[in-house]
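The values are calculated or read from the model by the stated rules, or taken from the named source; none is laboratory data. Predicted, not measured: the structure shown is a model, and the values here were computed from it. Glycine also receives a Cβ, built like all others from the backbone with ideal geometry; neighbour counts cover every protein chain displayed.
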Amino acid sequence: MKNNWLHYVYGYVRMTIEGQYAERFLNQCIHNDIDIWNIKRVGKEKMVCYLALEDVRKIKKIVKMTDCKVSFTKRIGIPFLTKKMAIRGGFTAGIAGFLFLIFLLSNMVWGISIQGASPKVEHQLKQIVQDIGIKRGKFLFSLPSVEDIQKVVTDSLEEATWVGVQLNGTTYHFEVVEQTLPEEKGLISPRHLVSKKKAVIHEMFVEKGQAMVKPNQFVNKGELLVSGFIGKEGKTEIVAAQAEVFGEIWYKSDVSVPLSTKYETLTGDSKTKYYLSFFNVDIPIWGFRSPQYEHYEVFERNYAFRLLNWTLPVQYKSKQALEKQETLREYSEEEAVQVGIEMAKVELNKSLGDDAEIVGEKVLHQAKENGKVILKIHYQVIEEITSEQPIIQGD
């Protein structure tokens, strides 16, 4: 039988057999299901082979039967290594302590690197990172995942467009892309201001140029609002018209609201189980009871332990079960109408500019079909409606 890792785990010996009946000794070993391998003749009445440690006791009777002399010239495997380590306890303890210390240091935070940030943003980022718990000496497996850290940092750092986070060894690397403010506009070319939508003029503030419309006047898309020509006939000047013109615009929205809806919500109650995983085999170490929830959602977090630059086949896992409950939400028809108005308003706001304001709404059509309230709504919006139109020479 070939020597393999199982032999090393359980231990084996190199055995020398001397005597006239060495072959008979080997045959008796095979007959008694004793594993021997790598048999070699090294003399006229001398052979060498390997024998599993667990079979050493079994050969005593065979030695007496065959009148052979047996000696063990080499001991190999973990059992013999363990025995040697036990004899040299101080040395073994020192090596084990050293490896354990290296293991701990390999799973701690020892560096935080920030690139691409101005001093002000770098200071803010360091404060956010410290609030999360990322600091030197902190165990890596006790910190949020890289994805969660990136989300928190990006949401908290207002002056950054994007923040990249990487964990290389024991160092967190943060790469920051800051917001770039638009350059101040230089000289403005001569222009008119025209309407970009159909609207009723609500109010206007003209800084430069000549107003061509008045409040409460209806204008079409592309109609001239503020002219870049100023002065009287014969003394006309061309300027870059500057003004703010707010118009009243109507938007139509179609929305349907179910009168009865089932949805799931988290109750806030949770149970967490912790594991050590060896070669993808999970061994519970804390929180052995399974959650007694009827409905729950499981969030799993894994951390692979490291030793220097090597990733070990050992993971620390946590599985958090969050209790969920099913809720039936029912609206009266009047409540569904109000919910529909607000839903449509939220969707409309997503398409409007920051200067727009919804000042009124009107339900044009309301119907109840198949357990739903169907609405057609018009919203009254005040927003800035100017658009630039360059003045071409010869106009």
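Select from segment 308-344 the residues that are part of a strand (DSSP E or B), hydrophobic (A, V, I, L, M, F, W, C) and in contact with a strand residue (DSSP E or B) (Cβ under 6 Å, 6 or more places away or on another chain) and list them in ascending order. Correct list: L312, V314, A321, L322, L328. Just one of (1) at pLDDT below 85; (2) surrounded by 12 or more Cβ atoms within 10 Å (Cβ to Cβ); (3) not in a strand (DSSP E or B) fails for F305. It is (3). So is E297 within 30 Å of P390 (Cβ to Cβ), of a type in the set (D, E, K, R) and surrounded by 11 or more Cβ atoms within 10 Å (Cβ to Cβ) or not? Spelling it out, it is not the case that E297 is within 30 Å of P390 (Cβ to Cβ), of a type in the set (D, E, K, R) and surrounded by 11 or more Cβ atoms within 10 Å (Cβ to Cβ). Could you list all residues from segment 249-302 that are in a strand (DSSP E or B) and among the aliphatic types (A, V, I, L, M)? Those that are in a strand (DSSP E or B) and among the aliphatic types (A, V, I, L, M): I249, V255, V257, L266, L276, V281, I283, I285, V298. Inspection of segment 206-226 identifies at least one residue that is surrounded by fewer than 12 Cβ atoms within 10 Å (Cβ to Cβ) and touching a residue at least 24 places away in the same chain (Cβ under 8 Å). Residues that are acidic (D, E), within 22 Å of S142 (Cα to Cα) and out of contact with any Leu (no Cβ under 9 Å at 6 or more places or on another chain) within segment 259-300 comprise just one, E300. Residues in segment 306-333 that are of a type in the set (F, W, Y) and farther than 25 Å from F141 by Cα: Y331 only.
For segment 59-77, check the following and say yes or no: at least one residue is within 47 Å of the chain's Cα centre (by Cα) and either within 16 Å of H7 (Cβ to Cβ) or in contact (Cβ under 8 Å) with a residue 40 or more places away in the chain (or both). Scanning segment 59-77, I find at least one residue that is within 47 Å of the chain's Cα centre (by Cα) and either within 16 Å of H7 (Cβ to Cβ) or in contact (Cβ under 8 Å) with a residue 40 or more places away in the chain (or both), so the answer is yes.
Scanning segment 366-375 for residues that are over 41 Å from the mean Cα position of the chain (by Cα) and either of a type in the set (G, A, S) or at pLDDT 90 or above (or both) returns a single hit, A367.
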